Amino acid sequence: MSRPPLPPFTAATAEQKARQAEDAWNSRDPARVALAYTTDSRWRNRAEFLQGREAIQEFLTRKWNRELDYRLIKEVWAFRENRISVRFAYEWHDDGGYWFRSYGNENWEFDEDGLMRLRIASINDVPIKESDQRRSDPCRSPKSMLSKAVTTTTGSPKCPAPSRPP
């Protein structure tokens with residue numbers, strides 16, 4: 001099974017691969033997401049180590065049963081040959097109604113068919129108020145989840161700068 005774009009990656013194809021991953025993960029469909037990985041794909045997600053599509057699908061099922069109303073944005077950080085590195089942020093809440101924004105980095109390695117054979121993810125969670133979500137307000141777009149993670153945003157008359165946490 002081939003999953004274009006294929007390595008070696010260019011800036012455009014690395015971006016396309018990140019968009020495909022973002023769209024698949026936002027579907028919250030574990031079977032769909034798992035198809036992007038080799039049958040023996042290896043993962044490190046936080047402190048959990050996985051191998052194989054079946055384990056990936058089981059992990060994602062658990063994840064999205066716990067992380068409700070999940071919304072993700074990814075951005076290519078670097079790429080070379082058959083590897084892509086992305087930074088990401090996503091928002092979600094638990095079954096108690098507590099909201100979080102999770103920030104992280106992923107390193108991806110692909111086989112010659114464009115399937116991911118290695119995924120290493122480092123992720124940190126930040127509790128947020130429901131009113132601090134950046135999911136639908138144009139001044140708090142999902143893209144702003146990433147810019148806030150790395151740089152201080154400056155405000156404009158239409159979109160004031162967010163307050164910094166204590």
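All of the numbers you see were taken from the coordinates with simple rules; none came from a lab. Treat the numbers as computed from the prediction; the structure is a model and nothing was measured. Backbone-built Cβ (ideal geometry, glycine too); neighbour counts: all protein chains shown.
For Glu67, the amide hydrogen comes within under 5 Å of no other amide hydrogen, counting only partners 5 or more places away or on other chains and with H modelled in the peptide plane. What you get for region 11-150, charging only the Cβ of Lys and Arg (+1) and of Asp and Glu (-1), is a dipole of about 340 debye around the Cα centre. Taking a ≥ b ≥ c as the square roots of the Cα gyration tensor eigenvalues, with a/c under 1.5 meaning rounded and otherwise prolate when a/b beats b/c, else oblate, which class fits region 11-150? It comes out oblate by the Cα gyration axes.
For Ile128, the residues whose modelled amide H falls within less than 5 Å of its own, excluding neighbours fewer than 5 places apart on the same chain, are Trp99, Phe100, Arg101. For region 1-99, the list of chymotrypsin sites (Phe, Trp or Tyr not before Pro) that fall in a loop by DSSP and count at most 16 other C-beta atoms within 10 angstrom reads Tyr98.
A cut-off under 10 angstrom between Cβ atoms defines the neighbours of Arg66, and their net charge, with Lys, Arg +1 and Asp, Glu -1, is -1. Pairs of Cα atoms nearer than 8 Å and 6+ residues apart set the relative contact order; for region 11-150 it is 21 percent. Of the residues Gly96, Val126, Tyr70, the one whose Cα sits farthest toward the positive end of the charge dipole of region 26-139, with +1 on the Cβ of Lys and Arg and -1 on the Cβ of Asp and Glu, is Val126. Close amide H pairs (under 5 Å, H built 1.01 Å from N) link Leu35 with no residue at least 5 positions away or on another chain. Loop-located GluC sites (Glu not before Pro) in region 56-109 (DSSP state not H, G, I, E or B) with no more than 11 neighbouring Cβ atoms inside 10 Å: Glu81.
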